[in-house]
1. Can you confirm whether residue 290 is out of contact with any helix residue (DSSP H, G or I) (no Cβ under 6 Å at 6 or more places or on another chain), assigned to a strand (DSSP E or B), in contact (Cβ under 8 Å) with a residue 60 or more places away in the chain and within 17 Å of residue 102 (Cβ to Cβ)?
2. Is it true that residue 329 is touching a strand residue (DSSP E or B) at 6+ places or on another chain (Cβ under 7 Å), over 25 Å from residue 92 (Cα atoms) and either at pLDDT 95 or above or part of a strand (DSSP E or B) (or both)?
3. What about residue 299, is it in contact (Cβ under 8 Å) with a residue 24 or more places away in the chain, within 23 Å of residue 56 (Cβ to Cβ) and part of a strand (DSSP E or B)?
4. Quickly run through region 208-227 and pick out the residues that are more than 25 Å from residue 255 (Cβ to Cβ) and either modelled with pLDDT of 95 or more or outside any loop (DSSP other than H, G, I, E, B) (or both).
5. Just give me the residues in region 59-99 being part of a loop (DSSP other than H, G, I, E, B), at negative phi and in contact (Cβ under 8 Å) with a residue 40 or more places away in the chain, in sequence order.
6. Is there a residue in region 114-136 that is touching a residue at least 40 places away in the same chain (Cβ under 8 Å), under 24 Å from residue 251 (Cα atoms) and in a strand (DSSP E or B)?
7. Given the structure, is residue 280 assigned to a strand (DSSP E or B) and either at pLDDT 95 or above or within 19 Å of the chain's Cα centre (by Cα) (or both)?
């Protein structure tokens, strides 16, 4: 993995230097290069079955094509190369199902996103290619501050599929159509049901959407005063093995809703609910939410995520019949910019009933996230 990480860094440098040749002025206007590196230093403290400190990280290098700058007013495109490093901190140190760091993954360096978008009018767009589902659906601004993965896309969706849906760390081919008027929006997506290669989910595979079955998802956004209400549903066209081996193959589907908005000029908050078919998915229900306040140069956040097992999972997974009903994560975090290109973020998480395992001690995790970006934003 170290060698792969070095190759990814080299690719970033190569793209940035343009093989040592200055780019023409027109190319600089049409193509926009960027790179970022984010890392979490995490320490498992009280209650951990395996105390210790680990470093996990993610590097991205991307190239954006600006169609209007090239005289193609309705077109744009992006390609994003990604690599990760670090161990399975959550599995080894805490046993938590809701991953402590949103950077944790077991994957090889690969093309993360590669898509083209057609926007014939300000109200209509269509995007096709390798697409991060969470960049189009179930996304919000307030929860993006937090380190735990449950405050990104909900675990009711992220648990689905054979190797997860088309989200970090592996995307799938997809088509997304969006209709938007002001703050109102309707998005429809068709994603290939399997993210990654059939024989190795750590490797990229490009297939026509629906080749291995399809993940269908729809989401509506409706303003409620100064707040924004989102609600959506998702459904796999193929059936999956039921958690109860005595049951026939089951559908994997679910729904979610989220309300996000500002309480004052310096305080924003959100709450999210999600459900999934408990016959094929461990997490049957999820509720999460929190608040972020701006105090001087700092952004301070407090949030909680509560993932409840379905009946089939409680009877067949973890410790059959004795599993805890829910795993809960409470996170306290603070972020500030120390340079135009660098953010630092001390973080505390407390995991209650990690992995739903009976007798598993609650665990405290302390961390420090730092994020670098080129060019700085």
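The values are calculated or read from the model by the stated rules, or taken from the named source; none is laboratory data. Note that the coordinates shown come from a computational prediction; the quantities given were computed from them, not determined experimentally. A quick note on method: Cβ atoms are made from the backbone with ideal geometry, for glycine too, and the neighbour counts reach across all protein chains shown.
1. Working: out of contact with any helix residue (DSSP H, G or I) (no Cβ under 6 Å at 6 or more places or on another chain): yes; assigned to a strand (DSSP E or B): yes; in contact (Cβ under 8 Å) with a residue 60 or more places away in the chain: yes; within 17 Å of residue 102 (Cβ to Cβ): yes.
Here the answer is yes, as residue 290 does meet what is asked.
2. Numbers: touching a strand residue (DSSP E or B) at 6+ places or on another chain (Cβ under 7 Å): yes; over 25 Å from residue 92 (Cα atoms): no; either at pLDDT 95 or above or part of a strand (DSSP E or B) (or both): yes.
So residue 329 does not fit the description; no.
3. yes
4. 211
5. Pass one, region 59-99, residues part of a loop (DSSP other than H, G, I, E, B): 71-74, 86-88, 95-99.
Filter once more, so that each one left must be at negative phi: 72-74, 87-88, 96-99.
Across region 59-99, the qualifying residues are 74, 96, 97, 98, 99.
6. Yes, region 114-136 has at least one match.
7. It is false that residue 280 is assigned to a strand (DSSP E or B) and either at pLDDT 95 or above or within 19 Å of the chain's Cα centre (by Cα) (or both).
Residue-wise test of (1) modelled with pLDDT under 95; (2) in a loop (DSSP other than H, G, I, E, B); (3) surrounded by fewer than 18 Cβ atoms within 10 Å (Cβ to Cβ).
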| residue | (1), (2), (3) |
| --- | --- |
| 176 | no, no, no |
| 186 | no, no, yes |
| 232 | no, no, no |
| 235 | no, no, yes |
| 245 | yes, yes, yes |
| 270 | no, no, no |
| 274 | no, no, no |
